[in-house]
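Enquirer: Sharing a structure with you now.
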Amino acid sequence: MTNNLSALGVGKIYAVGFVGNDGEGFELMQGLGATGVITDYLYCTREAFTPTYIKPLFMKEPYPEETHRLDIRNRHETSAEIEEIVIGNLYNVCDDVDAVIALDQVPEENTGVITARVRETLAEIGRSRPELIVYADSRAHALQYKNVIVKCNHLEAIQAVYPGWEGTADEDLIAECALSLSERTGRQVFVTWGENGIVAVRDNEVSKVPAVRVEGPIDICGAGDSATAGIVCALCRGASAEEAAMIANLAASITIQQIGTTGTATREAILRRFKEAAV
């Protein structure tokens, strides 16, 4: 995520959370430092692992073949002490930023940085600081947010509203679930829908913003992060929900063409793709 924000030219990027006192944490800190991310609010602890997501690839022509992901995640709850540090750092950073992005990607409840208490803190920040963009990219807990802009994919949105759902997703169902999420959060909602684009909700109005079509092989790894970076940067500049979704689609169309890597999209590349799509 921070790579995507950096590629878009964000002035200052702060990392808030915790890392383990392990090799993965060391490499993460090195990588963040290399792109200018400020890590003053990133707490290092011996109590937890650094969550790590590894996707092995076989380098084949015309593009790499993916195998099963290897995930390193904590299997115990985040301690109250670490929660207090994360919450305190969240409040400390708010005066210096235009937006807060919560990456809520750990499916097991209360085992990562974004716990129930941290979500409550984000809700309070969203309520008390309406001028601040507070945004959550949530995989399994979208329905648990209030006063926060939420982004998830279409299956996550449906399963949040209809737990245990199985079936075929269509536009009406996705729009219904996006509206339900927006009513719950009291804020805008962005639901990504793969090659179909993004369903966006603002003030109980639903808009479908089509994806940007690309040719050739694609690699969707990192598309969600690039979409989030595009949405948040656009909202910070006063964009509407539809405009922010369009920027997200343009950014994602660029990153999915970067095969075998977690791609990024620059402002210049987004502008070129916009001009190409407009022809």
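Enquirer: Pick from T111, T121: which is under 22 Å from Y43 (Cβ atoms), assigned to a helix (DSSP H, G or I) and hydroxyl-bearing (S, T, Y)?
Expert: Working: T111 fails: assigned to a helix (DSSP H, G or I).
Selected residue: T121, the only one of T111, T121 that is under 22 Å from Y43 (Cβ atoms), assigned to a helix (DSSP H, G or I) and hydroxyl-bearing (S, T, Y).
Enquirer: Could you please let me know if D22 is modelled with pLDDT of 95 or more, farther than 25 Å from G230 by Cβ and crowded, with 16+ Cβ neighbours inside 10 Å? Can you show your working first?
Expert: On the way: modelled with pLDDT of 95 or more: yes; farther than 25 Å from G230 by Cβ: yes; crowded, with 16+ Cβ neighbours inside 10 Å: yes.
In short, yes.
Enquirer: Out of all the residues in the stretch 122-142, is one or more at pLDDT below 95 and more than 27 Å from R237 (Cα to Cα)?
Expert: Within the stretch 122-142, one or more residues are at pLDDT below 95 and more than 27 Å from R237 (Cα to Cα).
Enquirer: Then there's this: Has the stretch 78-96 got at least one residue that is assigned to a helix (DSSP H, G or I) and aromatic (F, W, Y)? Spell out how you get there, then give the answer.
Expert: From the stretch 78-96, those assigned to a helix (DSSP H, G or I) are 80-94; that's our starting set.
Next, from what is left, pick out any that are aromatic (F, W, Y): 91.
Yes; the residues of the stretch 78-96 include at least one that is assigned to a helix (DSSP H, G or I) and aromatic (F, W, Y).
Enquirer: For the stretch 53-73, which positions are surrounded by 14 or more Cβ atoms within 10 Å (Cβ to Cβ) and among the hydrophobic types (A, V, I, L, M, F, W, C)?
Expert: Across the stretch 53-73, the qualifying residue is only L57.
Enquirer: Select from the stretch 77-99 the residues that are aliphatic (A, V, I, L, M) and either touching a Phe, Trp or Tyr at 6+ places or on another chain (Cβ under 7 Å) or touching a residue at least 60 places away in the same chain (Cβ under 8 Å) (or both) and list them in ascending order. Outline the logic, then answer.
Expert: Narrowing the stretch 77-99 to residues aliphatic (A, V, I, L, M): 80, 82, 85-87, 90, 93, 97, 99.
Of everything in the stretch 77-99, those that are aliphatic (A, V, I, L, M) and either touching a Phe, Trp or Tyr at 6+ places or on another chain (Cβ under 7 Å) or touching a residue at least 60 places away in the same chain (Cβ under 8 Å) (or both) turn out to be I82, I85, V86, L90, V93, V97, A99.
Enquirer: Tell me, which strands (runs of 3 or more DSSP E) wholly within the stretch 1-63 include 3 or more residues that are more than 20 Å from V134 (Cβ to Cβ) and in contact with a helix residue (DSSP H, G or I) (Cβ under 9 Å, 6 or more places away or on another chain)?
Expert: Working: elements: 14-20, 38-45, 52-54.
Once the strands (runs of 3 or more DSSP E) in the stretch 1-63 are filtered for at least 3 residues that are more than 20 Å from V134 (Cβ to Cβ) and in contact with a helix residue (DSSP H, G or I) (Cβ under 9 Å, 6 or more places away or on another chain), what remains is 38-45.
Enquirer: Give me the pairs: first residue in the stretch 170-193 and over 15 Å from A123 (Cβ atoms) and among the charged types (D, E, K, R), second residue modelled with pLDDT of 95 or more and part of a helix (DSSP H, G or I), beta-carbon distance under 9 Å, and six or more apart or on different chains, which are they?
Expert: So the pair list comes out as E171/N196; E176/I158; E176/V161.
Enquirer: Looking at Q257 and the list (1) within 16 Å of R187 (Cβ to Cβ); (2) in a loop (DSSP other than H, G, I, E, B), which single condition is not satisfied?
Expert: (1)
Enquirer: Out of all the residues in the stretch 97-120, which are in contact with an Asp or Glu (Cβ under 9 Å, 6 or more places away or on another chain), on the phi < 0 side of the Ramachandran plot and not charged (D, E, K, R)?
Expert: If the condition is that a residue be in contact with an Asp or Glu (Cβ under 9 Å, 6 or more places away or on another chain), on the phi < 0 side of the Ramachandran plot and not charged (D, E, K, R), then I101, A102, L103, Q105, T111, G112, V113, I114, T115, A116, V118 are the ones that fit.
Enquirer: Same structure again: Could you list, in sequence order, all residues of the stretch 222-248 that are surrounded by fewer than 20 Cβ atoms within 10 Å (Cβ to Cβ) and either in contact (Cβ under 8 Å) with a residue 40 or more places away in the chain or not polar (S, T, N, Q) (or both)? Walk me through it before giving the result.
Expert: Within the stretch 222-248, the first condition is being surrounded by fewer than 20 Cβ atoms within 10 Å (Cβ to Cβ), and the residues that meet it are 236-240, 242-243.
Listed by number, the residues that qualify are C236, R237, G238, A239, E242, E243.
Enquirer: While we're here: Quick one: in the stretch 124-139, which of the residues that are in contact (Cβ under 8 Å) with a residue 24 or more places away in the chain and assigned to a helix (DSSP H, G or I) is surrounded by the most Cβ atoms within 10 Å (Cβ to Cβ)? Walk me through how you get there before you give the answer.
Expert: Taking the stretch 124-139 as the starting set, the residues that turn out to be in contact (Cβ under 8 Å) with a residue 24 or more places away in the chain are 125-126, 129, 132-139.
Filter once more, so that each one left must be assigned to a helix (DSSP H, G or I): 125-126.
Details: I125: 18, G126: 23.
So the residue we want is G126.
Enquirer: Tell me yes or no: at least one residue of the stretch 100-108 is of a type outside the set (K, R), under 22 Å from Y53 (Cβ atoms), surrounded by fewer than 20 Cβ atoms within 10 Å (Cβ to Cβ) and at pLDDT 95 or above.
Expert: Within the stretch 100-108 (the criterion being of a type outside the set (K, R), under 22 Å from Y53 (Cβ atoms), surrounded by fewer than 20 Cβ atoms within 10 Å (Cβ to Cβ) and at pLDDT 95 or above), the answer is yes, since at least one residue qualifies.
Enquirer: Quick check on G167: is it of a type outside the set (D, E, K, R), more than 14 Å from the chain's Cα centre (by Cα) and crowded, with 17+ Cβ neighbours inside 10 Å?
Expert: Details: of a type outside the set (D, E, K, R): yes; more than 14 Å from the chain's Cα centre (by Cα): yes; crowded, with 17+ Cβ neighbours inside 10 Å: no.
No, not satisfied.
The values are calculated or read from the model by the stated rules, or taken from the named source; none is laboratory data. Nothing here was measured: the structure is a model prediction, and the numbers come from that model. All Cβ positions, even for glycine, are placed from backbone atoms using ideal geometry, and neighbour counts span all protein chains on display.
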